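Structure, as structure tokens:
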Amino acid sequence: MRRLALLLMAALLVVPSARADDRQPTLAELEGEVMCPVCGTTLDQSSSPAAQQIKRLIAARIAAGDTKGQIKARLVSEYGQAILAAPEHKGFGLLAWWLPIAGIVAAAAVVGAGAWRWSRAREREPDGPQLDPVLERRIDDELAHWDT
Amino acid sequence: MARPARLAAQGLALAVVLGLLALLVWRVAHDSNKGVSQALKDGQHPTAPAFDLRRLDGRGSIDLAAVRGKKPIVLDFWASWCVPCIHESKRLEAARRRYGDRVDFIGVDTKDFSGDARQWQHKHGITYPSVHDGSGNVLAKWGGLPIPRIFFVARSGKVVGELVVEEDLPRYLQQIASS
């Protein structure tokens, strides 16, 4: 059951991006996913000559009928992986998507296990320190005396 | 948790933390390298960092390590979106007519779309060979943006200077041509 849930999560992360790569994008959509190589921002936040050049390239490839995946592949072949604002949902790039999730799951498991162990230890603890039987009998006698 | 298992878990956690720390130290040390430009400003003359990049004209690639040390080199970092690069590359093209037999002129088209770069060369009459450094990784080793950046490499393979003012071009060209 747990394996099935993990597989479903993987499918949810990978399949939508695969579908998105097969269709024609809009310029505005890609402007938010592609970096300007000289300004450290995405294209939609830059009007530098380098950013304008890439916007023209993207517009030309959209007009030529290229899919989102084809356009991104072309950009990566020209400028390297750093041209993409987010790592791709395949190959080594998958690590960047899965590692934080794995980290959160592992941290939650550690915290959960710690909390469980702590609560179990508390259940096993006696209510208070054990009294000396002689002292306890004396206290009982005293209390009985006051009750009468 | 049993004692051996607990020790193993603690050891693993410690190894992960130490690994991340080592990665951080390496990264900081790596970033402290400001490249050839900074070394020149500090009065040093480093060996020209090697690269092996494909030529824009499609005629194979240029391996700087193979050229370095055989002939003086002028290295021109440019891009088709860089307006000041037009002026500097045209000056180098003119200088090439005079020094081309003694000095190799090599362009490095950086952070640029190669199709636009080829058109740019044709439009401005730049005939010396250029390689494509689309990611800018090679530029980073020489000092990064802004461009144009023009470096002069002596026959020994050492970088002797970077063009800062107009007068540097004839001065450095004479220096490396006679090296």
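Summary of values
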| item | result |
| --- | --- |
| Residues (buried (at least 16 other Cβ atoms within 10 Å of the Cβ) and at pLDDT below 95) located in region B:50-68 | B:Val67, B:Arg68 |
| Region B:146-173, residues that are of a type in the set (Asp, Glu) and either surrounded by 17 or more Cβ atoms within 10 Å (Cβ to Cβ) or not assigned by TED's automatic domain parsing to the domain that holds B:Cys85 (or both) | B:Glu162 |
| Count of region B:120-134 residues which are touching a strand residue (DSSP E or B) at 6+ places or on another chain (Cβ under 7 Å) and under 13 Å from B:Thr110 (Cα atoms) | 4 |
| Residue in region B:76-91 that is surrounded by the most Cβ atoms within 10 Å (Cβ to Cβ), counting only those that are under 16 Å from B:Asp168 (Cα atoms) and without any contact (Cβ under 8 Å) to a residue 60 or more places away in the chain | B:Ser89 |
| Search result, residues across region A:67-88 that are among the hydrophobic types (A, V, I, L, M, F, W, C) and over 17 Å from A:Glu31 (Cβ atoms) | A:Ala73 |
| Some residue of region B:120-133 being closer than 18 Å to B:Gly69 by Cα, touching a residue at least 12 places away in the same chain (Cβ under 8 Å) and among the aromatic types (Phe, Trp, Tyr) | no |
| Some residue of region B:157-172 being within 14 Å of another protein chain (Cβ to nearest Cβ), modelled with pLDDT of 95 or more and in a helix (DSSP H, G or I) | no |
| Filter result (free of Cβ contacts under 8 Å to residues at least 60 places away in the same chain and in contact with a strand residue (DSSP E or B) (Cβ under 6 Å, 6 or more places away or on another chain)) within region B:40-58 | B:Asp52 |
| Test: residue in region B:23-35 that is under 30 Å from B:Phe113 (Cα atoms), hydroxyl-bearing (Ser, Thr, Tyr) and at pLDDT 95 or above | no |
| For B:Ser130: the one exception among (1) within 17 Å of B:His87 (Cα to Cα); (2) out of contact with any Asp or Glu (no Cβ under 8 Å at 6 or more places or on another chain); (3) not aromatic (Phe, Trp, Tyr) | (2) |
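Residue-by-condition table, conditions (1) under 14 Å from the mean Cα position of the chain (by Cα); (2) touching a residue at least 60 places away in the same chain (Cβ under 8 Å); (3) on the phi > 0 side of the Ramachandran plot:
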{"site": "B:Ala2", "(1), (2), (3)": "no, no, no"}
{"site": "B:Leu7", "(1), (2), (3)": "no, no, no"}
{"site": "B:Ala13", "(1), (2), (3)": "no, no, no"}
{"site": "B:Lys34", "(1), (2), (3)": "yes, yes, no"}
{"site": "B:Ser37", "(1), (2), (3)": "yes, yes, no"}
{"site": "B:Gly60", "(1), (2), (3)": "no, no, yes"}
{"site": "B:Arg68", "(1), (2), (3)": "yes, yes, no"}
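The values are calculated or read from the model by the stated rules, or taken from the named source; none is laboratory data. Since the structure is predicted, the reported quantities are computational estimates derived from the model, not experimental observations. Neighbour counts run over all protein chains shown; Cβ positions are idealised from the backbone, glycine included.
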